[in-house]
Each structure stands twice: as structure tokens, then as C-alpha cells.
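Q: Below is a structure I'd like to ask you about.
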Amino acid sequence: MQQIKEYLDHQSIENTLDLLQNEQKLIQIKLYELQTIQKKIQDRIQVLSSAALIKTNTFTIKSLPVRPCLQLKTRITRDEEMDFAIKRLHQKHVNKIQDFGNQLYGASVSGEDLNRGGKDVFNSVFFILDHEYKEFDFVLPEGNYLSLYYKGGYCQSSDLILDMITYAKENNYQIVGDPFEIYEIDNRDTLRREEFLTEIQARIEIV
């Protein structure tokens, strides 16, 4: 109201031009925000629409670029803890991650616990960001990643990760760092566990 009063009190062509140019800048910012949201929605539609076509329980190798991420380091041993950790990460970065429903996220498996026979233990959750984000906690490095998709509940995860480790050894791949899961379709999209779609990834080097 104060800005409007000042404008009306000193109305001139110069002031009107300044006002219109400022309005134009605000519109451009809003258009960019809407275009970003539209892209995320389009990507989500693509994921959900193509889920039925994704080949599950088959190992493939992906060549992937650098992926910036936001991370929360925390020990997770139950599904409820996973949901809570993801909410904490979102609350920490709510100013950056406004469209949580379309945000891609994952969890890093504790390789140390897995080697000791501990199953379903994770050491962090993370959001995978678009490249326009300038602030992030770490990056998933560029490189080759062994990938496996599976559908259904998460109880099968540990056994599939062990299968991935065995597959890597048999094919002379060295796994670099801890494997991690990416939750492509989860309880944000469906209450039917059989419709959940999860991807396991592990960065590899050829021995």
C-alpha cells in the first residue's frame, strides 16, 4: 500500500516505466518457477506412465552424470525411521524443496553393517537435485553404475543388494562406495506395495 501511495503521489512516465519493468521482472521469475514445476510434473508423469515398461530384477549398467544432492546422515533400521528421516531432510530444506511430491530421493545402504550380516540398515537419506541448484551437500559422481529395479515391498532390498555384490564380483566389477536405493514410486503415489518401484544403484569400476 505504501508503494502504491508513493507511486500515485509522484506519478510520472518515468515512475510508470520503473513500475512496469519491476512487474515484468516479477512475472519472469514466476514464469520460471511455473516452468520448473511443470517440468517436475512432466517427469513424474513419465515415471508413473513408464513404470510398467521398466524391466525389473535385471542388472544393467548406466553411464550417469554428476548428480548434486542434499543429505541427512542418520542411522535407519526401520521403515518408520526412513519416513521420519525424509521428513526431517525436507523440513531442513523446505525453502529449496517446495514440490516434495515430485522430488526424487534415495537412501544410502550401510555397507559396513551389510558386510557384518546386518540387513536393511541405512546411513543417510538424500534428495537428488536438478543441476540449476547451486547449493548442495555432496554429489553422486559421474561414472558407471550397476542398476537393478524391483517392484514391491522393501523387505527384499537387502537380498537384492547382496545379489548385486555377487554379480559385480562375478563380472569383475569393483563397487565403489556404498550401494543406495532410489525410490521411484512409493507411498506418495500409491498405497499398494506391489506397485512400489525401487532402483538399487552402485558405482562400479572394471577391475
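The values are calculated or read from the model by the stated rules, or taken from the named source; none is laboratory data. Here the structure is a predicted model, which is why all the values come from computation and not from measurement. FYI the Cβ positions are ideal-geometry reconstructions off the backbone, even for glycines, and counts take in every protein chain you see.
Q: Pull out all pairs, ordered by first then second residue, where Cβ-Cβ is under 6 Å, the residues are six or more apart or on different chains, the first lies in the range 63-77 and is in contact (Cβ under 8 Å) with a residue 12 or more places away in the chain, and the second is among the hydroxyl-bearing types (S, T, Y) and surrounded by fewer than 18 Cβ atoms within 10 Å (Cβ to Cβ).
A: Close Cβ pairs satisfying both conditions: P68/Y133.
Q: In the range 5-40, how many are closer than 30 Å to K151 by Cα and modelled with pLDDT of 85 or more?
A: Step one: filter the range 5-40 for residues closer than 30 Å to K151 by Cα, giving 36-40.
Filter once more, so that each one left must be modelled with pLDDT of 85 or more: 38.
Final tally of qualifying residues: 1.
Q: Starting from the range 154-178, keep only residues that are among the acidic types (D, E), then list their pairs with residues that are part of a helix (DSSP H, G or I) whose Cβ atoms are within a distance under 6 Å, requiring at least 6 positions of separation or different chains.
A: Qualifying pairs under 6 Å: D178/G111.
Q: Additional query: Among the residues of the range 63-90 satisfying the criterion of being among the charged types (D, E, K, R) and either surrounded by 14 or more Cβ atoms within 10 Å (Cβ to Cβ) or outside the structural domain of V139 (by TED's automatic domain parsing) (or both), which is farthest from Y105 (Cα to Cα)?
A: Of all residues in the range 63-90, those among the charged types (D, E, K, R) come to 67, 73, 75, 78-81, 83, 87-88.
Subset that is either surrounded by 14 or more Cβ atoms within 10 Å (Cβ to Cβ) or outside the structural domain of V139 (by TED's automatic domain parsing) (or both): 67, 81, 83.
Values: R67: 12, E81: 15, D83: 11 Å.
Checking each candidate, the answer is E81.
Q: Could you tell me which numbered condition V47 fails, if it satisfies all but one of (1) touching a residue at least 12 places away in the same chain (Cβ under 8 Å); (2) exposed (fewer than 10 other Cβ atoms within 10 Å of the Cβ); (3) aliphatic (A, V, I, L, M)?
A: That leaves (2) as the condition not met.
Q: A follow-up question, please. Hey, does the range 25-34 have a residue that's in contact with a Pro (Cβ under 9 Å, 6 or more places away or on another chain) and either over 29 Å from C155 (Cα atoms) or part of a helix (DSSP H, G or I) (or both)?
A: There is no residue in the range 25-34 that is in contact with a Pro (Cβ under 9 Å, 6 or more places away or on another chain) and either over 29 Å from C155 (Cα atoms) or part of a helix (DSSP H, G or I) (or both).
Q: Search the range 123-143 for residues that are in the same structural domain as L89 (by TED's automatic domain parsing) and more than 15 Å from D43 (Cβ to Cβ) and pair each with any residue that is assigned to a loop (DSSP other than H, G, I, E, B) and of a type in the set (D, E) when their beta-carbon atoms are under 8 Å apart and the residues are at least 6 apart or on different chains.
A: Matching pairs, first to second residue: F126/D137.
Q: Here's another thing I want to ask about it. Is it the case, given these coordinates, that E14 is part of a helix (DSSP H, G or I), assigned by TED's automatic domain parsing to the domain that holds I161 and surrounded by fewer than 10 Cβ atoms within 10 Å (Cβ to Cβ)? Even if it seems obvious, please write down each step before you answer.
A: Details: part of a helix (DSSP H, G or I): yes; assigned by TED's automatic domain parsing to the domain that holds I161: no; surrounded by fewer than 10 Cβ atoms within 10 Å (Cβ to Cβ): yes.
In short, no.
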